[in-house]
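Visitor: The structure follows.
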Amino acid sequence: EIPLKYGADRLGKRSDAAMQKFRDNRLGAFIHWGLYAIPGGEWNGKVYNGAAEWLKSWAKVPSDEWMKLMDQWNPQNFDARAWAKMARQMGVKYVKITTKHHEGFCLWPSKYTKYTVTNTPYKRDILGELVKAYNDEGIDVHFYFSVMDWSHPDYRYDIKSKEDEEAFSRFLEFTDNQLKELATRYPTVKDFWFDGTWDASIKKNGWWTAHVEKMLKDLVPGVTINSRLRADDYGKRHFDSNGHLMGDYESGYERRLPDPVKDLKVTRWDWEACMTVPENQWGYHKDWTLSYVKTPLEVLERIVHAVSMGGNMVVNFGPQPDGDFRPEEKQLAESIGRWMKKYGECIYGCDYSGWEKQAWGYYTRKGKDVYMVVFNPPYSKHLVVKTPVGTEIVKAVTVNGGKDVKITETARNEYNVDMPDKDPGEPFVIKLETKEKTSETDKYRDALT
Ligand SMILES: COc1ccc([C@@H]2N[C@@H](C)[C@@H](O)[C@H]2O)cc1
């Protein structure tokens, strides 16, 4: 292995209680809320179909002009407790909030910049109110933090001169101060999810990313940090130059998921995916007709897909400038919540089963129980299940019905599991209780070929 000073500081998954809680949570929500919600994708009468939180970039708006949006930041319908109730009803166990996105506007009253909620007509500490409201509902709070900050004169995309070096060193100190502020003002924070860390300037300062991970773990015992923060001695990101994951969980699956057959390697580490409901909108965009918008069923399938491979899924919400949510997002939260209420035991605290995926859907596992989450009912009316050698199915029951399901052994380690006689009309779940096979004589005979 290559000797590294700033590579992975741990091999294998974290096994402490805080990480287990991160893992057991499985389903989270993203909140992308900032000045970009005010224009909602439109600038000077032109609607841009790129991601709304990047409008400043698409419309080439200078930062001082963009920050004038602060004078319009006055979300009169903002109600942190209503947001937290919506999250609880959706069944999310944690919420990741954009404390500061690339634009540099802070949802908390930071002392280190004038670009904060304090200097707006609204004044109030949005982040503080949200942390309290979510925690009061038993929901963990994670902080999204963009290192890249378009509002800061000392930010550099690359380091090409002594001047760059001095400016960026000031910028890294500013960033340290903001992170210490977040960790001390909001000590119940459970995770920092870093973004805006792909530039050469960061890759040339891998030491700093290792320092940030250590600083936050000293300030907030148990806190988790995503892999996207980290760069090693040679600028390698996410995985260090020896191929070891940095940070506590892989965070590269943004608007995409690992293939359930070809990418089984991801089951070796912790990972968390995040997704948008339109094709590519994180912040509020006034016109959702510009791209395909996923149905609740399509969102649900992605949630189950992630958990079936040992990952978490974070579903994004882009609140309106008035502080309320658009109807499509309220309906999505309700719909997912109704399903989670009935079948959530196949999600929370579940992991990769190690079983071979079948066409009808996905497996998840909790201890010796394996869940079949059926999205595609077969014409044969039988759900084919292949168990690993040495594992046998003792019993099958419907989740949210508790009805026994008939299983027929059809070959060695193969079973037909009957479909419920009444079509549930929605993705449904069968729980398989398994046990390790006693060594009995095997009545099956392989063909001689
Ligand atoms: C250059 O490509 C991107 C794409 C998305 C992002 C940000 N990551 C997502 C989680 C959102 O915050 C999006 O703005 C940044 C750069």
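Visitor: Only one of these conditions is not met by residue 332: (1) open to solvent by 30 Å² or more (accessible area, probe 1.4 Å); (2) assigned to a helix (DSSP H, G or I). Which number is it?
Guide: It is condition (1) that residue 332 fails.
Visitor: Those residues that are within 16 Å of the ligand (Cβ to nearest atom) and either touching a strand residue (DSSP E or B) at 6+ places or on another chain (Cβ under 9 Å) or over 17 Å from residue 148 (Cα atoms) (or both), I need them from the range 177-202; list them, please. Talk me through it step by step, then tell me what you get.
Guide: Start the filter on the range 177-202 by keeping residues that are within 16 Å of the ligand (Cβ to nearest atom), which leaves 191-202.
Matches in the range 177-202: 191, 192, 193, 194, 195, 196, 197, 198, 202.
Visitor: Still on this structure, I have one more. Which fully enclosed helices (runs of 4 or more DSSP H) of the range 12-67 have 3 or more residues being open to solvent by 20 Å² or more (accessible area, probe 1.4 Å), away from the ligand (no atom under 13 Å from the Cβ) and within 30 Å of residue 138 (Cα to Cα)?
Guide: Numbers: elements: 17-25, 55-58, 63-66.
Once the helices (runs of 4 or more DSSP H) in the range 12-67 are filtered for at least 3 residues that are open to solvent by 20 Å² or more (accessible area, probe 1.4 Å), away from the ligand (no atom under 13 Å from the Cβ) and within 30 Å of residue 138 (Cα to Cα), what remains is 17-25.
Visitor: Continuing with this model, one more query. Being farther than 16 Å from residue 276 by Cβ and of a type in the set (Phe, Trp, Tyr) is the filter here, so list the residues in the range 29-47 that pass it. Talk me through it step by step, then tell me what you get.
Guide: Just the residues of the range 29-47 that are farther than 16 Å from residue 276 by Cβ, to begin with: 35, 38-39, 42-47.
Result: 43, single match.
Visitor: Then there's this: Please give the number of the condition residue 100 fails out of (1) away from the ligand (no atom under 16 Å from the Cβ); (2) buried (at least 19 other Cβ atoms within 10 Å of the Cβ).
Guide: (1)
Visitor: Here is a list of conditions, (1) of a type in the set (S, T, N, Q); (2) touching a strand residue (DSSP E or B) at 6+ places or on another chain (Cβ under 8 Å); (3) closer than 17 Å to residue 11 by Cα, and residue 205 meets all of them except one; can you say which number that is?
Guide: With (1) of a type in the set (S, T, N, Q); (2) touching a strand residue (DSSP E or B) at 6+ places or on another chain (Cβ under 8 Å); (3) closer than 17 Å to residue 11 by Cα applied to residue 205, the lone miss is (3).
Visitor: Is one or more of the residues making up the range 110-131 in a loop (DSSP other than H, G, I, E, B), more than 14 Å from residue 185 (Cβ to Cβ) and under 21 Å from the mean Cα position of the chain (by Cα)?
Guide: No; the residues of the range 110-131 include none that is in a loop (DSSP other than H, G, I, E, B), more than 14 Å from residue 185 (Cβ to Cβ) and under 21 Å from the mean Cα position of the chain (by Cα).
Visitor: Sticking with this structure for a sec: Checking residue 73 against (1) more than 16 Å from the ligand (Cβ to nearest atom); (2) touching a helix residue (DSSP H, G or I) at 6+ places or on another chain (Cβ under 6 Å); (3) farther than 28 Å from residue 311 by Cα; (4) open to solvent by less than 10 Å² (accessible area, probe 1.4 Å), only one condition comes out false. Which one?
Guide: (2)
Visitor: Counting only residues that are at pLDDT 95 or above and either touching a Gly at 6+ places or on another chain (Cβ under 7 Å) or more than 15 Å from residue 378 (Cβ to Cβ) (or both), how many does the range 414-424 have?
Guide: Number satisfying all stated conditions: 0.
Visitor: Within the range 342-362, which residues are open to solvent by 40 Å² or more (accessible area, probe 1.4 Å) and under 20 Å from the mean Cα position of the chain (by Cα)?
Guide: Answer for the range 342-362, where residues must be open to solvent by 40 Å² or more (accessible area, probe 1.4 Å) and under 20 Å from the mean Cα position of the chain (by Cα): 345, 348, 352.
Visitor: Only one of these is within 16 Å of the ligand (Cβ to nearest atom), over 23 Å from residue 331 (Cα atoms), out of contact with any strand residue (DSSP E or B) (no Cβ under 7 Å at 6 or more places or on another chain) and of a type in the set (Gly, Ala, Ser): 243, 318, 252. Name it. Break it down stepwise before answering.
Guide: Details: 243 fails: within 16 Å of the ligand (Cβ to nearest atom); 318 fails: over 23 Å from residue 331 (Cα atoms).
After applying the criteria, what remains is 252.
Visitor: In addition: Tell me the residue from 144, 157, 112 that is within 21 Å of residue 214 (Cβ to Cβ), within 16 Å of the ligand (Cβ to nearest atom) and out of contact with any Leu (no Cβ under 6 Å at 6 or more places or on another chain), please. Steps first, please.
Guide: On the way: 157 fails: within 21 Å of residue 214 (Cβ to Cβ); 112 fails: within 16 Å of the ligand (Cβ to nearest atom).
Criteria check complete, one pass: 144.
Visitor: Consider the range 410-449. How many of its residues are farther than 25 Å from residue 359 by Cβ, out of contact with any strand residue (DSSP E or B) (no Cβ under 8 Å at 6 or more places or on another chain) and in contact (Cβ under 8 Å) with a residue 24 or more places away in the chain?
Guide: 1
Visitor: Can you say whether residue 80 is in contact with an Asp or Glu (Cβ under 9 Å, 6 or more places away or on another chain) and under 22 Å from residue 133 (Cα atoms), as far as the supplied structure shows?
Guide: On the way: in contact with an Asp or Glu (Cβ under 9 Å, 6 or more places away or on another chain): yes; under 22 Å from residue 133 (Cα atoms): yes.
Yes.
Visitor: Confirm whether residue 318 is more than 17 Å from residue 399 (Cβ to Cβ) and buried (at least 22 other Cβ atoms within 10 Å of the Cβ).
Guide: Details: more than 17 Å from residue 399 (Cβ to Cβ): yes; buried (at least 22 other Cβ atoms within 10 Å of the Cβ): yes.
Criteria met by residue 318.
Visitor: Scan the range 272-292 for residues that are touching an Asp or Glu at 6+ places or on another chain (Cβ under 6 Å) and either part of a loop (DSSP other than H, G, I, E, B) or more than 15 Å from the ligand (Cβ to nearest atom) (or both) and jot them down. Don't jump to the end; show me each part of the working.
Guide: Step one: list which residues in the range 272-292 are touching an Asp or Glu at 6+ places or on another chain (Cβ under 6 Å), which gives 274, 282-283, 291-292.
Residues satisfying the conditions are 282, 283, 291, 292.
Visitor: Of all residues in the range 83-97 being in a loop (DSSP other than H, G, I, E, B) and open to solvent by 10 Å² or more (accessible area, probe 1.4 Å), which is nearest to the ligand (Cβ to nearest atom)?
Guide: Residues of the range 83-97 that are in a loop (DSSP other than H, G, I, E, B), as a first pass: 91-93.
Narrowing the set further to residues that are open to solvent by 10 Å² or more (accessible area, probe 1.4 Å) leaves 91, 93.
Values: 91: 22, 93: 19 Å.
Checking each candidate, the answer is 93.
Visitor: Also, quick follow-up: Residues that are farther than 26 Å from residue 19 by Cβ and of a type in the set (Gly, Ala, Ser): does the range 341-356 have at least one?
Guide: So the first thing to find is which residues in the range 341-356 are farther than 26 Å from residue 19 by Cβ, and the list is 341-342, 356.
This time we only want the ones that are of a type in the set (Gly, Ala, Ser), so: none.
Within the range 341-356 (the criterion being farther than 26 Å from residue 19 by Cβ and of a type in the set (Gly, Ala, Ser)), the answer is no, since none of the residues qualifies.
The values are calculated or read from the model by the stated rules, or taken from the named source; none is laboratory data. These numbers come from a predicted model, not from an experiment. Using ideal geometry, Cβ is built from the backbone for each residue, glycine included, and neighbour counts are taken over all protein chains shown. Please note that ligands, DNA and RNA were not included when accessible areas were found on the heavy atoms of the full protein model with its side chains. Shrake-Rupley method; radii C 1.70, N 1.55, O 1.52, S 1.80 Å.
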